[in-house]
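Peer 1: Below is the structure I would like to discuss, written out as structure tokens.
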Amino acid sequence: MSQHPTLKELLDSGATVRTAGAHDGLSSILAREAGFDAIWASGFEISAAHGVPDANIVTMTENVTAASLMVECSGLPVIADCDTGYGNAINVIHTVRSYEKAGVSAICIEDNVFPKRCSFYTGVRRDLVDPEEHAGKIRACLDTRDSSDFQIIARTEALIAGWGMDEALKRGRLYADAGADMVLVHSKSKDPDEVIEFAAQWDRETPLVCVPTTYATTPYQILAEAGYRVVIFANHGLRASIKAMQQVFARIHSEGHASAADDMIVTLPEVYELIGVPEMKQQESLYMPPGSSEK
Ligand code: SPV
Ligand code: MG
């Protein structure tokens, strides 16, 4: 696992870090197998996998557990979506300790009020915390972390809340000046104009992060050229799995036998391969008494 570069090494290489959203160990393995550089432990995905809205219903402990599975299973740097940091600056101190201990490479804290609502839910009144308060939370993160390898990403929801480019830039600059290692600017625009304009006006050294969910036709290269150093494809694995399971369950239900879905599913040995059953068999022969593994 140690052959994978760390998040800092990736950033230092000058490349733009291609990051895929995941919600558990297996989805993080699949993102790694597809060639992604890093994993986004997505609040949206983890919430959906728990069957609840992305609205701070899943607890921090559950989210840390999910993120640490991704660390263990993928071996890639994991950037954990920590929503608002689970409260104020005092709560954030505990958040940093928990995530750093879990081996996560970065956490992202957004300037929504607690409890947050997913950036894309419609008909939701959007308040943001005072930017000075958010900057204080970022400073609390920096003062708490053990190592500067554990990166702090400050995220502004100013564009999502409809508060405009000037407010987004003001907040981004304040968070960068507070010492954030990266600034994530989120947008729900259908085209990339907003994030491209934000990057064009960005006058700090602090690297930028974006999440092209609504401006989904924009290639990663365009965002990299605009100046984004981390691009997060936030929820596609989860959405793919929903569609696949809907289709397979419907096929088996309507046909009445499991083989009707054979062309839609992987084989059992393919599952074994992904989750390390061959390694387990080697370990059995190395460490277990003769005769305890199957003949
Ligand atoms: C997430 O994946 O939970 C995110 C990104 O925060 S988004 O859902 O686009 O807000
Ligand atoms: Mg989120």
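The values are calculated or read from the model by the stated rules, or taken from the named source; none is laboratory data. Keep in mind that this is a model prediction, so the values were computed, not measured. Note: ideal-geometry Cβ built from the backbone for every residue, glycine included; neighbour counts use all protein chains shown. Accessible surface is based on the protein model in full, side chains and every heavy atom, while ligands, DNA and RNA are left aside. Shrake-Rupley method; radii C 1.70, N 1.55, O 1.52, S 1.80 Å.
Peer 1: Determine ³J(HN,Hα), in whole Hz, for all residues of region 104-117 in sequence, where each value follows from phi through the Karplus function 6.51 cos²θ - 1.76 cosθ + 1.60 and θ = phi - 60°; x replaces Gly and Pro.
Peer 2: Calculated HN-Hα couplings, in order: 6, 8, 7, 10, 10, 10, 9, 8, 5, 7, 8, x, 6, 10 Hz.
Peer 1: Okay, moving on. Keeping all protein chains in the complex and leaving out DNA, RNA and ligands, what accessible area do you get for D130 with a 1.4 Å probe, in Å² to the nearest 10?
Peer 2: 80
Peer 1: What value, in deg cm²/dmol to 500, does the helix sum -39500 (n - 2.57) over DSSP H runs of n ≥ 4 give at 222 nm once divided by the residues of the chain?
Peer 2: About -13500 deg cm²/dmol.
Peer 1: With each label point set 7 Å from Cα along the Cα-Cβ vector, what nm distance links E133 and Y272?
Peer 2: 5.5
Peer 1: I would also like to ask the following. Hey, in the GNM for the chain with a 10 angstrom Cα cutoff, which one of Y121, Y86, Y228 fluctuates hardest?
Peer 2: Judging by the Gaussian network model, the answer is Y121.
Peer 1: Sticking with this structure for a sec: Rounded, prolate or oblate for region 47-121? Axes are the square roots of the Cα gyration tensor eigenvalues, ordered a ≥ b ≥ c, and the cut-off for rounded is a/c under 1.5.
Peer 2: Oblate, because a/c is 1.5 or more while a/b does not exceed b/c.
Peer 1: Another one. With the cut-off at 1.5 for a/c, could you classify the chain from its C-alpha gyration tensor as rounded, prolate or oblate?
Peer 2: Note, shape of the chain comes out prolate.
Peer 1: Stretched out fully, how many nm does the piece from M165 to D143 gain, at 0.36 nm a residue minus the Cα gap?
Peer 2: Roughly 5.0 nm would be gained on extension.
Peer 1: Among the listed pairs K170/K243; K8/K188; K137/K243; K170/K190, give every one whose C-alpha distance is greater than 31 Å.
Peer 2: Check vs 31 Å cut-off fails for K170/K243; K137/K243.
Peer 1: Here's a follow-up. Along region 67-77, what does the Karplus equation 6.51 cos²θ - 1.76 cosθ + 1.60 (θ = phi - 60°) give for ³J(HN,Hα), rounded to whole Hz, x for Gly and Pro?
Peer 2: 5, 6, 4, 5, 4, 4, 7, 8, x, 8, x
Peer 1: What are the ³J(HN,Hα) couplings of region 81-93, residue after residue, when phi is run through the Karplus curve with 6.51, -1.76, 1.60 and θ = phi - 60°? Round to Hz, x for glycine and proline.
Peer 2: 6, 9, 6, 8, x, 6, x, 8, 4, 5, 4, 4, 4
Peer 1: Let me know the Rg and Dmax you get for region 13-58 when you use only its Cα atoms, in Å.
Peer 2: Radius of gyration, then largest Cα-Cα span, for region 13-58: 12.2, 38 Å.
Peer 1: Leaving ligands, DNA and RNA out of it, report the carbon-plus-sulfur percent of the accessible area of the chain at a 1.4 Å probe.
Peer 2: Whole-percent figure for carbon plus sulfur exposure: 54.
Peer 1: Please report the accessible area of W202 (heavy atoms, 1.4 Å probe, ligands and nucleic acids excluded) in Å², nearest 10.
Peer 2: Per-residue accessible area (W202): approximately 30 Å².
Peer 1: What FRET efficiency comes out for Q247 versus T65 if R0 is 35 angstrom and r is the Cβ-Cβ distance? Round to the nearest 0.05.
Peer 2: 0.75
Peer 1: Please state the charge dipole magnitude for region 1-89, taken about the Cα centre, from unit charges on C-beta atoms (+1 on K and R, -1 on D and E), reported in debye and rounded to the nearest 20.
Peer 2: Using Cβ point charges on Lys, Arg, Asp and Glu, region 1-89 gives about 120 debye.
Peer 1: So for the chain, averaging the separation of alpha carbon pairs under 8 Å that are six or more residues apart and normalising by length, what relative contact order in percent results?
Peer 2: Contact order relative to length: 16 percent.
Peer 1: Taking a 1.4 Å probe, which of K8, K243, K188 shows the most accessible area, and what order do the others take after it?
Peer 2: K243, K188, K8
Peer 1: Within 10 Å, at most 16 other Cβ atoms, and a DSSP state outside H, G, I, E, B define an exposed site. Report the longest part of the chain free of exposed GluC sites (Glu not before Pro).
Peer 2: After excluding every exposed loop site, the longest remaining stretch is 1-204.
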